[in-house]
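Right, one structure below, let's go through it.
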Amino acid sequence: MSWVKIQLRQQGVSDDGVSDSANADSKALLGACLQQDLVYLMMWPEKCLQPTERERLMAWVTRRLKGEPIAYIIGYRDFWSLRLKVSPATLIPRADTETLVELALALDLRPDAHVADLGTGTGAIALALGTERPSWSVLGCDLSFEAVALATENAQTNHITNVEFIQSNWFAELGNQLFDMIVSNPPYVESTSQYLTQGDVRFEPSSALTSGEDGLDDIRLIIKQAKTHLRASGWLVFEHGFEQGQAIRVLFAQAGFQHIATHTDLNGQDRVTCGQFG
Ligand code: GLN
């Protein structure tokens, strides 16, 4: 059966309400199955799958029909210029988070800046910063041992040598290191949010998603502790929920940060807030 027919068959899925992105899903699964990109799929629409390819694809489609995220099925997600291995131990990197990377790169840091990424997961932010700024040294940390192992592997497969990863509960294992910038995409979803009951997030670790009733528990803690880990004029940069910008600006101000600003993501929603210390 040609992939176009498989795609059409899966498109029926959207009519059943199982997936609202059946078309994109089937292309992503097929491309990964054949280890080819979209251009190849478009150039060879009538190409037939080998029996083993077909078997693998159908097993993947079955998993997708049960709701499992594409990235966990194929094992990777592209973020920034990098291909990152993912696992159910970590959040799947999101395009929204590229907003944080862009903003962090736009800040005026010294050439040999020391940067921390708290709650690094796959290592997405740390590795994007490391690859763009080879003269920086970046430290990514995560509470999860599996995440640290995964992020370390992602550094190796992407040949990035100025980023290291350690297991740490926020600042707990960072000793008295001082940073020019601390970035974080911490858990920030409200613990009782209905959002958690739908779609891909059902399969992601809740420890990477939720943070107390208002979603701000970890952000409050990091702002408080960051002050003893930032150099003078160092920056703290958070990704956060689209309705949390105002509350986070207040937290920054109460902690004595300056030049506090919230930036929007590609959908025009508040997504990243930064502040400068001292
Ligand atoms: N932005 C993520 C989402 O919408 C949440 C990520 C997080 O809590 N850090 O699922």
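Where a number appears in this text, it was derived from the coordinates with a stated rule and is not lab data. Quick caveat: nothing in here was measured; it's all calculated off a predicted structure. Here the Cβ is made from the backbone with ideal geometry for all residues, glycine too, and neighbour counts use every protein chain on show.
Just a few scattered comments:
- Alpha-carbon geometry of the stretch 26-121: the Rg and the Dmax are 17.6, 55 Å, given in that order.
- Alpha carbon centroid spacing (whole Å) that separates the stretch 168-233 from the stretch 86-135: 14 Å
- As a proxy for reagent exposure, ranking Leu57, Leu100 by other Cβ atoms within 10 Å from fewest up yields Leu57, Leu100.
- Subtracting the Cα-Cα distance of Gln177 and Phe203 from 0.36 nm times their residue separation leaves 5.9 nm of extension gain.
- Modelled FRET efficiency - R0 41 Å, Gln194 with Gln167, Cβ distances, 0.05 increments: 0.80
- Couplings 3J(HN,Hα) for the stretch 257-264, derived from phi with the Karplus relation 6.51 cos²θ - 1.76 cosθ + 1.60 (θ = phi - 60°), are 6, 10, 6, 7, 8, 10, 10, 9 Hz, where x marks Gly and Pro.
- The listed peptides 198-204, 84-90, ordered by packing as a protection proxy, come out as 84-90, 198-204 (highest mean of other Cβ atoms within 10 Å first).
- Report note on the peptides 106-115, 244-253, 268-277: ranked by the mean count of other C-beta atoms within 10 Å, highest first, their order is 268-277, 244-253, 106-115.
- Couplings 3J(HN,Hα) of the stretch 79-88, computed from phi: 9, 6, 9, 10, 9, 10, 5, 10, 8, x Hz, in residue order, whole Hz [Karplus 6.51 cos²θ - 1.76 cosθ + 1.60, θ = phi - 60°; x for Gly and Pro].
- Relative contact order (%) - criterion: Cα under 8 Å, at least six apart; region: the stretch 90-145: 39 percent
- Principal-axis tilt of helix 245-254 within the chain, Cα atoms, nearest 10 degrees: 20 degrees
- Rounded if a/c under 1.5, otherwise prolate or oblate - the stretch 120-238, Cα gyration tensor axes: oblate
- Share of alpha-carbon pairs per 5 Å distance bin for the chain, given as whole %: 1, 6, 12, 15, 17, 15, 12, 8, 6, 4, 2, 1, 0
- Counting every other Cβ atom within 10 Å of each residue's Cβ, Arg64, Arg220 order from fewest to most as Arg220, Arg64.
- Relative contact order computed over the stretch 127-278 (Cα-Cα under 8 Å; 6+ residues apart), in percent: 19 percent
- Interchain or long-range residues, amide H under 5 Å from Ala116's placed H: Leu139, Met181, Ile182, Val183
- Here is how the number arises for the chain: DSSP H runs of 4 or more residues each give -39500 (n - 2.57), the sum is divided by the residue count, and the result at 222 nm is -11000 deg cm²/dmol.
- Shape of the stretch 147-214, Cα gyration tensor, a/c cut at 1.5: oblate
- Peptide ranges 208-217, 233-242 listed from the most packed, as the mean C-beta count within 10 angstrom indicates: 233-242, 208-217
- Shape of the stretch 64-173, Cα gyration tensor, a/c cut at 1.5: prolate
- Antiparallel bridges, percent of DSSP beta bridges restricted to the chain (to nearest 5): 45 percent
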